[in-house]
Amino acid sequence: MKFSIHLIGIVFALLSADSSAEYYGAPLLKANWEVSRSKTACHLKQQIPHYGSADFVHPAGGKLQFYIQEQRHKPRVVKASLSAMPAPWSHHSSQSRPYLVYLDQSVEISGYGRLAVYGDDAETMIDVLLQGKFPTFTYVRAAPDIDLVETRVGVSAVRFSAAYEDFIACRNQLLPYGMADLQDRVLYFHKGSSSLDGIATREVDKLANLLREMPDIGLVIGSVTAGVLKTDSKWFRKRAGSIVKYLSSKGIARKRITVKSALNGFRGDGVIRLQVFGPDVLRWFFYRKGNVELNTAEKRRLDLLAKYLLEYYPGKLVIHSHTDSKGSRAGNKAISRKRAEVIRKYLLSKGVAASKIRIRAHGESRPAASNRSRQGRAKNRRVVIDLVG
């Protein structure tokens, strides 16, 4: 479920003494805490009659959350605070600072907003309960009149300690990463290879672990370079096949995996998106006779190549530039150098280090096809970027 999160502030004095108030809390003799556990999330819940629930949730790879959730649609909360109150049977009063409270508003029609604290403040609420105090949310809602109703929701410390032992055992067994941590990860591949290297293997192992623990979650594999050139599909299919084969060896059913070059439309909580990135279709450039400039599509290709070089590839590159045989040898040599220099300058502008780039201007000396035909000459007017160690 997705939430938009808004800070709704600290309340120092919500209402005057003559304001009406509502109070909710679990009866002392019936207060109970329930634990549900997995390697991807730990959940500690107290049901609050006629209101909803109070929940501690620790997702794998995330921070502890503490919130109350009402099971009815009501007007929006405009002011709220959270304090640690003494138990009802205690004769001692104590000062408790209010904590910052967030409103998590569900974007789903069936969802309900909830009041929450996160991280250190949520951890503090565990300490408060272990001390026998009652965390208490106090808030008011938006209303058309001035007779605002104050609502107080007390979370009982009764039977908390025993349930917390089970909750802490669950937290100790959580995976160090969750779905959000692995969403939209990129697996890099070497030029001309569909084999998973050590880094990619570790990433796919994480995916396998998570998919085993979350049987309702699917995986969709897409390509970073989708749409650049038609030949991208060849390498993408091979690389995606390697990933699927490896996941299958780890016990992940093939039916849970979708291979689709473009990931447009694959959104939502039920899918992990994984992207494949290889440099193969980014290395080739073909030119019209006499042209040395880059068009929009070629710049996009170089943008992706720069990303690959900056984020993954540690080696150097050589820009090999060629022409057809029309014109003089000296002129063709000069044109091939200009084309290589334009590409070099563009890569430099994207942050690629000058020390990683070399130029080889070959002119007409290394044809890839016969210069006797128009088609052959078009193949010869090319720049090929070679990735070297």
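When Leu115, Leu187, Leu130, Leu219 are checked against the criterion of being surrounded by 14 or more Cβ atoms within 10 Å (Cβ to Cβ) and under 30 Å from Ser83 (Cβ atoms), Leu115 stands alone in meeting it.
For the range 190-202, a residue qualifies if it is under 15 Å from Val276 (Cβ atoms), surrounded by fewer than 18 Cβ atoms within 10 Å (Cβ to Cβ) and not small (Gly, Ala, Ser), and the qualifying residues are His190, Lys191, Asp197, Ile199, Thr201. Within the range 330-367, the set of residues being over 15 Å from Ala306 (Cα atoms) and part of a loop (DSSP other than H, G, I, E, B) comprises Glu364, Ser365, Arg366, Pro367. Residues that are touching a strand residue (DSSP E or B) at 6+ places or on another chain (Cβ under 7 Å) and modelled with pLDDT of 90 or more number at least 3 in the following strands (runs of 3 or more DSSP E) confined to the range 90-202: 114-118, 134-141, 150-154, 185-188.
Quick check on the range 187-194. Is at least one of its residues among the aromatic types (Phe, Trp, Tyr) and within 22 Å of the chain's Cα centre (by Cα)? Yes, the conditions are met somewhere in the range 187-194.
Cβ separations smaller than 8 Å between residues 6+ apart or across chains give the following pairs from the range 152-177 residues that are assigned by TED's automatic domain parsing to the domain that holds Val35 and charged (D, E, K, R) to residues that are loosely packed, with under 14 Cβ neighbours inside 10 Å and at pLDDT below 95: Arg152/Ala21; Arg152/Glu22; Arg152/Tyr23.
Residues in the range 246-279 that are assigned to a loop (DSSP other than H, G, I, E, B), out of contact with any Asp or Glu (no Cβ under 8 Å at 6 or more places or on another chain) and of a type outside the set (A, V, I, L, M, F, W, C): Gly251, Lys260, Asn264, Gly265, Arg267, Gly268, Asp269, Gly278, Pro279. Do we find that Ser328 is small (Gly, Ala, Ser), touching a Lys or Arg at 6+ places or on another chain (Cβ under 9 Å) and at negative phi in this structure? No. For the range 355-369, does any single residue satisfy the condition of being more than 19 Å from Arg288 (Cα to Cα) and of a type in the set (Gly, Ala, Ser)? Yes, the range 355-369 contains at least one residue that is more than 19 Å from Arg288 (Cα to Cα) and of a type in the set (Gly, Ala, Ser). Residues that are among the polar types (S, T, N, Q) and over 41 Å from the mean Cα position of the chain (by Cα) within the range 324-367 comprise Ser325, Ser328, Asn332, Ser336, Ser365, listed in sequence order.
The set of residues in the range 155-184 that are among the small types (Gly, Ala, Ser) and either crowded, with 18+ Cβ neighbours inside 10 Å or closer than 30 Å to Leu29 by Cβ (or both) comprises Ser156, Ala157, Ser161, Ala162, Ala163, Ala169, Gly178.
The values are calculated or read from the model by the stated rules, or taken from the named source; none is laboratory data. Please read these numbers as outputs of a predicted model, since none were measured by experiment. Cβ sites come from the backbone with ideal geometry, for glycine too, and all protein chains shown count toward neighbours.
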